[in-house]
1. Checking Ser295 against (1) touching a Leu at 6+ places or on another chain (Cβ under 7 Å); (2) of a type outside the set (Lys, Arg); (3) under 30 Å from Leu168 (Cβ atoms), which single condition isn't satisfied?
2. Based on this model, can you work out whether Asp215 counts as open to solvent by less than 50 Å² (accessible area, probe 1.4 Å) and farther than 15 Å from Ile154 by Cα?
3. Do we find that Ile42 is farther than 23 Å from Ile224 by Cα, open to solvent by 30 Å² or more (accessible area, probe 1.4 Å), at pLDDT 80 or above and β-branched (Val, Ile, Thr) in this structure?
4. What is the number of the single condition among (1) surrounded by 14 or more Cβ atoms within 10 Å (Cβ to Cβ); (2) of a type in the set (A, V, I, L, M); (3) closer than 25 Å to Asn232 by Cα that Leu69 does not meet?
5. Starting from the stretch 278-290, take each residue that is under 22 Å from Glu129 (Cβ atoms) and among the small types (Gly, Ala, Ser) and list its partners that are open to solvent by less than 100 Å² (accessible area, probe 1.4 Å) and outside any loop (DSSP other than H, G, I, E, B), counting only C-beta distances under 7 angstrom and pairs at least six apart or across chains.
6. Limited to the stretch 150-169, what total is found for residues that are more than 19 Å from Thr299 (Cα to Cα), open to solvent by less than 40 Å² (accessible area, probe 1.4 Å) and either part of a helix (DSSP H, G or I) or free of Cβ contacts under 8 Å to residues at least 60 places away in the same chain (or both)?
7. Going through the stretch 218-276 one residue at a time, which ones are among the hydrophobic types (A, V, I, L, M, F, W, C), open to solvent by 50 Å² or more (accessible area, probe 1.4 Å) and either part of a loop (DSSP other than H, G, I, E, B) or touching a Ser or Thr at 6+ places or on another chain (Cβ under 6 Å) (or both)?
Amino acid sequence: MAIKTIELLKGSVSQEEIMEVLAAVASDLGDVIDDVNNLQVIPLKGAMTNEVFQINWPTKNGSDLRKVLVRLYGEGVEVFFDRDEEIRTFECISKHGQGPRLLGRFTSGRVEEFIHARTLSAADLHDVEISALIASKMRKFHNLHMPGAKKAQIWERMRNWLSEAKSLCSPKDTKLFGLDSLDEEINILEKKLSEEYQEIGFCHNDLQYGNIMMDEETRSITIIDYEYASYNPIAYDLANHFCEMVADYHSDTPHVLDYSKYPGLEERQMFIRIYLSSEGKKASNAKVNRLVNASEKYTLASHVFWGLWGLISSYVNKIDFDYKEYARQRFQQYRLRKPTLLDSPSIFSQDGTVNGSLAYYT
């Protein structure tokens, strides 16, 4: 399929601009693109923020195919992160040898090195061997020395997203999702969770299976896509990864979350034990259990974070995904788990929408 025959493009980006960047990338790699019809374009499914494509062309000697990845930025996603900062993170991680190289940029996207490994599936996250590899890789990722203040970023970002959600949402959704009362929920979370395990590391913050790749021969793990990466409590990143184990973004209903797949206590303990012991020193039971408990409480922050993301995305993103229903499910889990985890009532009702009475806050 030639690039000129597929409607990849939107906004200010043009086919000519993409072709110019691809030609420059090919030249840097020692190839020549002289015919658009020699390009193959393969859409890659599962992305919810961007659109991603594998682009192939014959190498100069014609015996092999060169592969790169083209990422088209999703509409409206600038509300979630600073793109220039994300590019700097991408390049810095690449210099650390922890991810793909940036090969080229155009107005509304970029060209990346194609990683010759397979993207994990939803089921892979529960595979004992693969999960152990992910745990060890997470520890290395968290120990990366990156630019920026080494402090929790989650709370400021969550408040910024709440402000954005309030400005976008209809009065009906504002009431339905309890946005006017969510400021106080975030304040409670920050106060309570800041009393927990507070080791800060450079966190991915979106470690779902689609952002993890594995080389089948070497069994090496590569973590990709750093739009949401920042310094945060490592317990938050672990919590977020556990929450992602309930999702299958390649199913017929990719927005539906199956919490029967949430990892049990033993599975979480094993993951965190491997995570803490991956640098050669065996972790004590006390340290493992402390981080297990902290990460379980941080699932509440994950639910609010991605609940807000889903709500905002329902207004700004055109990708075929039921963002609002996804948000409802995340807020529902927040309501269900908060009384147990924080011994505190929640504003949310059984279905994940706001309760009629807000007497708790008066």
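The values are calculated or read from the model by the stated rules, or taken from the named source; none is laboratory data. Model, not experiment: these values are computed from the prediction. Neighbour counts are summed over all protein chains in view; Cβ atoms, including those assigned to glycine, are modelled from backbone coordinates with ideal geometry. Side chains included, ligands, DNA and RNA excluded: accessible areas come from the protein's heavy atoms. Shrake-Rupley method; radii C 1.70, N 1.55, O 1.52, S 1.80 Å.
1. (3)
2. yes
3. no
4. Condition (3) is where Leu69 drops out.
5. The qualifying pairs are Ser278/Ala135; Ser278/Ser136; Ser278/Arg139; Ala283/Arg273; Ala283/Leu276; Ala283/Ser277.
6. So the count comes out to 1.
7. The answer is Val256, and nothing else.
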